Amino acid sequence: MKEYFKLAWRNIWRNKRRTMITIASVFFALWLALIMRSIQVGSYSHMADGIVEAFTGSIQIHGDGYWEDRTLDKTFAQETSLMTKIESIENVKSVIPRLESFALASTGEQTKGIMVVGIDPERELELTHPDRKLIEGNYFEGSSDGVLVSSRLADFLGLKLNDTLTLLSSGYHGASAAGIYPVIGIIKMPNPELDRRIVYMTLPYAQELYGAYERLSSLVINVENSNLLDKTKKDISLVLDEEIYEIMDWKEMNPELVQQIQSDAAGGYIMLGMLYLIIGFGVLGTLIMMTTERRKEFGVMIAIGMQKKKLGLILTIEMLMMGAVGIIAGVIGSLPVIAYLVKTPIRFTGESAKMFEIYGFEPIMPAKLELSYFLAQSSVVLVIFILAIIYPVNSVMKLKEIKALRS
Amino acid sequence: MKFIEIRDLQKIYNDSEHEVHAVRGIDLSFEEGEFAAIAGPSGCGKTTLLNILGGLDEPTRGTINIGGTNVNELKSSERINFRLNNIGFVFQAYNLIPVLTAKENVEFIMHLQGRPKAERDARTKELLEAVGLGDRLNSRPSKLSGGQQQRVAVARALASKPKFILADEPTANLDSKATENLLDIMEKLNKEENITFIFATHDARVMKKAKRVIYLEDGKILKDEVK
Ligand SMILES: Nc1ncnc2c1ncn2[C@@H]1O[C@H](COP(=O)(O)OP(=O)(O)OP(=O)(O)O)[C@@H](O)[C@H]1O
Ligand SMILES: [Mg+2]
């Protein structure tokens, strides 16, 4: 066996230029594929994190039917026991209660339909960090009766810090709802849609406004490891009475985004497929050239007593060595580039940046280093390389020594 | 039965347009220790005969029996093994493996036979010394002259301890000095080690040295001359 490796190794260096071209093709294909995948995987998880952190969380529990018909009638009773039970489930980082509903906001001159979100100020800090979005004023302290108003809404209503905001709505079970609240802070929501219509208040005040005492519209669940989302969702659903509750993950709550990611990923795969096809045929061509050039030599080897299988084996080793060098070089070569793109994401400006803002993401495409796509792409390249080996090796193994000797 | 027996050998090449009768009914036998040349004009069928004898090509009709084995009845892989262990080949164009040194080229065939390292080393040295290349063990073929390469090829052919050596025009690419030198070496091996050599040639120097010359013409034996 050592002998075969020696022979294979020396043959590789016989035609340095061609060997380099073969290795370079494999290297380049894999290098490009890995960088491309790192950006794709990175942007998708950037978007997912963005949407999860901006508002929806990874998983939400609602009263059954709430997501379809978001009324106060679909709220459910706030039970500490349920929250503790969910918190004790593996991979659950925190459980955040909310009461969300609609209201009319007015300041005398202007009136606008808005969304009121009643939050637990402490718990909300673990996920959406409304405090970090403050551009003026302060976050809730204790059982504050104040509200945080999103910046565009504040502009529209002409609201400033310490002004009062009047809210009108219909409450739980058709009761009427009204209240007056001091503005203690202005927040800038990254998603412009939300920034035009959100008002945060503490949960007890929201419950009082709507007369929905001890009731919630959602429990937002934050997970430790988003890769285990499906399992965690299943674990949670086991402790829920499905007559009363519904459970949804961020994908179900944001179908358009998921679809957009999927079609983008499909486009990426088509591009990769084309790249691999071109490189695969290129490699096949060089390997065929390499074997036809040496036909006579193969004929001599078979004539003096080398079995065709052994010859095939040596050739396979020889070619696989080149492929392996290309693959290893591709993996190693992509690492610094990906590491750079992780640290210094590609940033969008102008039109393309707007798309991101609609969803409330920072307009960047960060790369992400993940073992999975390294394994996947290296294997695909290896398989393609092996496919390219089959034909030339097989044709050598079918060689008629007498014909080969004559060539 | 003789060591090598060829009976009623025929070879017809089926070219696209016409058939070529390269060998038309040859009966021929060789004994161990012969130093024989197959001679004749270009196209008379020397190479064809030698290739069939070496198990590289199949006859259209007839049988080849070597030391009791009917060569043309062997399967392809068996035939390769038969060649490995029984026949040494020397080609006109030397045909050494370019990426291996002189020593490795000779050793290669013993690797194929699975011989132990100590034996390989000893025999390689001995053979290369016998062909006068004891000082060029580590040279690649491209660094050797034609005559030197052909001597390595002879050493390689002998390495497997074959029953006989087939050489198709071994001197055709050599100048007279190298030819002389090569022939002397082969003659010595034949005399001292009783190694059987069968040449195909139209080189007068080879025919002169040969102890038996078989003249072919148009695929048939014209004359079989034992000196
Ligand atoms: N593969 C082949 N297909 C068709 N015809 C062939 C083939 N090989 C040899 N021939 C023909 O068979 C005849 C004998 O050829 P062969 O090569 O045996 O002659 P040779 O005596 O070795 O000649 P030379 O001295 O030129 O080497 C020639 O007419 C040749 O053209
Ligand atoms: Mg010939």
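Bear in mind these aren't lab numbers, they're just calculated from the coordinates by the rules spelled out. Because the structure is a prediction, the values reported are computed rather than measured. All Cβ positions, even for glycine, are placed from backbone atoms using ideal geometry, and neighbour counts span all protein chains on display.
Of the beta bridges DSSP finds with both residues in the protein assembly as shown, what % are antiparallel, to the nearest 5?
Numbers: 66 of 92 bridges.
Antiparallel bridges: around 70 percent, rounded to the nearest 5.
Could you please rank B:Glu119, A:Glu401, placing first whichever residue has the fewest other Cβ atoms within 10 Å of its Cβ? Don't skip to the answer; put the middle values down first.
Values: B:Glu119 11, A:Glu401 25.
Least to most surrounded, the residues fall as B:Glu119, A:Glu401.
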At q = 0.10, 0.12 Å⁻¹, the log10 of I(q)/I(0) for chain B from a Debye sum over equal Cα scatterers comes to -0.44, -0.64
Helix B:76-86 sits off the longest principal axis of the Cα atoms of chain B, rounded to the nearest 10 on a 0 to 90 degree scale, by 60
In whole angstrom, the spacing between the Cα centers of region A:141-209 and region A:358-404 equals 56
Among A:Lys251/A:Lys343; A:Lys308/B:Lys143; B:Lys75/B:Lys227; A:Lys16/A:Lys398, the pairs whose Cα-Cα distance exceeds 31 Å are B:Lys75/B:Lys227
Under the 7 Å Cα-to-Cβ spin-label approximation, B:Lys117 and A:Asn162 lie apart by a distance in nanometres of 9.2
Measuring from the longest principal axis of the C-alpha atoms of chain A, the long axis of helix A:229-239 (C-alpha) lies at a number of degrees, nearest 10, equal to 40
Fraction of alpha-carbon pairs in the protein assembly as shown farther than 31 Å apart, rounded to whole percent, equals 66
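Sort B:Val152, A:Val258 so the one with the fewest other Cβ atoms within 10 Å of its own Cβ comes first.
Numbers: B:Val152 27, A:Val258 17.
Ascending Cβ contact count within 10 Å gives the list A:Val258, B:Val152.
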As straight-line cross-link partners of B:Lys188, the qualifying aspartates and glutamates (C-alpha separation under 17 Å, not fewer than 8 residues apart within one chain) are B:Glu32, B:Glu34, B:Glu126, B:Glu129, B:Glu180
A:Asn138 and A:Phe5 label points (each 7 Å along its Cα→Cβ direction) are spaced in nm at 7.2
Taking Cα pairs closer than 8 Å and at least 6 residues apart, the relative contact order of chain A in percent is 28
Rounded to a whole number, the mean other protein chain Cβ count within 10 angstrom for residues of A:302-313 is 6
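For a test of the definition: using alpha carbon positions, the gyration tensor, and the 1.5 limit on a/c, classify region A:106-180 as rounded, prolate or oblate. Present the calculation step by step, with values, prior to reporting the outcome.
Working: a/c = 1.97, a/b = 1.22, b/c = 1.62.
Verdict is oblate for region A:106-180.
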Put in order of increasing Cβ neighbours within 10 Å, starting from the fewest, A:Ser218, A:Ser94, A:Ser81, B:Ser176 give A:Ser81, B:Ser176, A:Ser94, A:Ser218
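Mind listing which trypsin sites (Lys or Arg not before Pro) in region A:156-253 are in a DSSP loop and have 16 or fewer other Cβ atoms within 10 Å?
Details: sites: A:Lys160, A:Lys188, A:Arg196, A:Arg197, A:Arg215, A:Lys231, A:Lys233, A:Lys234, A:Lys251; in loops: A:Lys160, A:Lys188, A:Arg196, A:Arg197.
Those satisfying the criteria are A:Lys160, A:Lys188.
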Along principal axes, largest first, the alpha-carbon spread of region A:226-383 in whole Å comes out as 82, 45, 24
Listed by chain and number, the aspartates and glutamates with an alpha carbon less than 18 angstrom from that of A:Lys112, same-chain partners under 8 positions apart left out, are A:Glu100, A:Asp155, A:Asp163, A:Glu193, A:Asp195
Note, B:Leu74: beta-carbon cut-off 14 Å, +1 each Lys/Arg, -1 each Asp/Glu, net -2
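So which of B:Lys177/B:Lys208; A:Lys6/B:Lys163; A:Lys74/A:Lys233 end up more than 23 Å apart, counting from Cα to Cα? Write down the numbers at each step before the final one.
On the way: B:Lys177/B:Lys208 15 Å; A:Lys6/B:Lys163 29 Å; A:Lys74/A:Lys233 21 Å.
The answer is A:Lys6/B:Lys163.
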Everything considered on the Cα gyration tensor (a ≥ b ≥ c; rounded for a/c under 1.5, else prolate if a/b is larger than b/c, else oblate), region A:197-315 must be described as prolate
Inter-part gap, Cα centre of region A:334-354 to Cα centre of region A:1-79, in whole angstrom, is 15
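Translational D (Stokes-Einstein, µm²/s) of region A:1-103 at 25 °C and 0.890 mPa s when Rh comes from the Kirkwood sum over C-alpha pairs?
Numbers: Rh = 19.8 Å.
Taking Rh from Cα pairs, D becomes 124 µm²/s.
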One finds the C-alpha centres of region A:262-309 and region B:113-132 to be spaced, in Å, by 37
In this structure, the FRET efficiency calculated for A:Glu293 and B:Lys227 from their beta-carbon separation, with R0 = 30 Å, to the nearest 0.05, is 0.10
Here the alpha-carbon Rg of region A:65-241 over 2.2 N^0.38 Å rounds to 1.06
Heads up, region A:320-407 by the C-alpha gyration tensor (a ≥ b ≥ c square roots of eigenvalues; a/c under 1.5 rounded, else a/b over b/c prolate, else oblate) looks prolate
For region B:63-116, listing GluC sites (Glu not before Pro) in a DSSP loop whose Cβ sees at most 11 other Cβ atoms within 10 Å gives none
Expressed in nanometres to one decimal, the distance between label points 7 Å along Cα→Cβ at A:Ile386 and B:Lys161 is 4.1
Summing +1 per Lys or Arg and -1 per Asp or Glu among the other residues with Cβ less than 12 Å from B:Arg123's Cβ gives +2
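Which trypsin sites (Lys or Arg not before Pro) does region A:1-44 hold that lie in a coil by DSSP with at most 11 other beta carbons within 10 Å?
Numbers: sites: A:Lys2, A:Lys6, A:Arg10, A:Arg14, A:Lys16, A:Arg17, A:Arg18, A:Arg37; in loops: A:Arg14.
Qualifying residues, ordered by number: none.
Determine the gain in length on full extension of the stretch A:Met20-A:Lys343; use 0.36 nm per residue of separation and subtract their C-alpha separation, reporting nm with one decimal. It would help to have the intermediate numbers written out before the result.
Details: separation 323, 0.36 × 323 = 116.28 nm, distance 3.17 nm.
Taking A:Met20 through A:Lys343 to full extension adds about 113.1 nm, to one decimal.
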For chain A, the longest principal axis of the Cα atoms and the Cα long axis of helix A:371-397 enclose an angle in degrees, to the nearest 10, of 20
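Quick one: net charge around A:Leu229, please, counting Lys, Arg +1 and Asp, Glu -1 for every other residue with C-beta under 14 Å from its C-beta.
Counting the neighbours of A:Leu229, the net charge comes to -2.
Which percentage, to the nearest 5, of the DSSP beta bridges contained in region B:4-224 is antiparallel? Can you show the working numbers first?
Details: 20 of 37 bridges.
DSSP beta bridges in region B:4-224 are roughly 55 percent antiparallel.
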With 0.36 nm assigned to each residue of separation and the Cα-Cα distance removed, A:Lys112 to A:Ala178 gains 22.3 nm
